[in-house]
Amino acid sequence: MRTDKIVEQLIRHEGLKLKVYKCPSGKLTIGIGRNLEDRGITKEEALYLLYNDIDACVTDLYREVQWIRDLDGDKQEVLVNMCFNLGIGGLLKFRKFLSALESGNLKEAKKEMLNSIWAFQVGDRAMELANIIYNE
């Protein structure tokens, strides 16, 4: 069997859609006919997507929050986690938090993280991340 031929044929017949859509039978589908409702994705595929998303967050952070390079690894990871959850646009709205973190006022940065609707929405996640920023 010629894999390249069947790939070309399936792309032509199924189409290539990079966002979730409903196929003619009403099933949520993505890519080249991947039925998400019946088949889903594998753990390996989910991890592949996660690594790509982390890379995109790091790229966004290096572009928008250039001083991130001056932080230790744990604090950089907090910003990646928040960027993953909120998107870069959402994270950039945390102006007081980011300003306090940039200036090294970690206690204030923690306070600003926890003084948000986001912290209420994500609960333990916010507390865990805030304690990485500053743990009394």
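The values are calculated or read from the model by the stated rules, or taken from the named source; none is laboratory data. Predicted model only: the values in this text are computed from it and were never measured. Backbone-built Cβ (ideal geometry, glycine too); neighbour counts: all protein chains shown.
Taken across the range 22-29, residues that are touching a residue at least 24 places away in the same chain (Cβ under 8 Å) and exposed (fewer than 14 other Cβ atoms within 10 Å of the Cβ) do not occur at all. Please determine, by comparing only the residues of the range 90-136 that are out of contact with any helix residue (DSSP H, G or I) (no Cβ under 9 Å at 6 or more places or on another chain) and small (G, A, S), which one is nearest to V65 (Cα to Cα). It comes out as G104.
Residues considered: K111, K75. Of these, the only one that is within 16 Å of I132 (Cβ to Cβ), assigned to a helix (DSSP H, G or I), of a type outside the set (G, A, S) and in contact (Cβ under 8 Å) with a residue 24 or more places away in the chain is K75.
Of the residues that sit in the range 13-26 and are more than 24 Å from L49 (Cα to Cα) and of a type outside the set (G, A, S), which one is modelled with the lowest pLDDT? Ranking the candidates gives P24 first.
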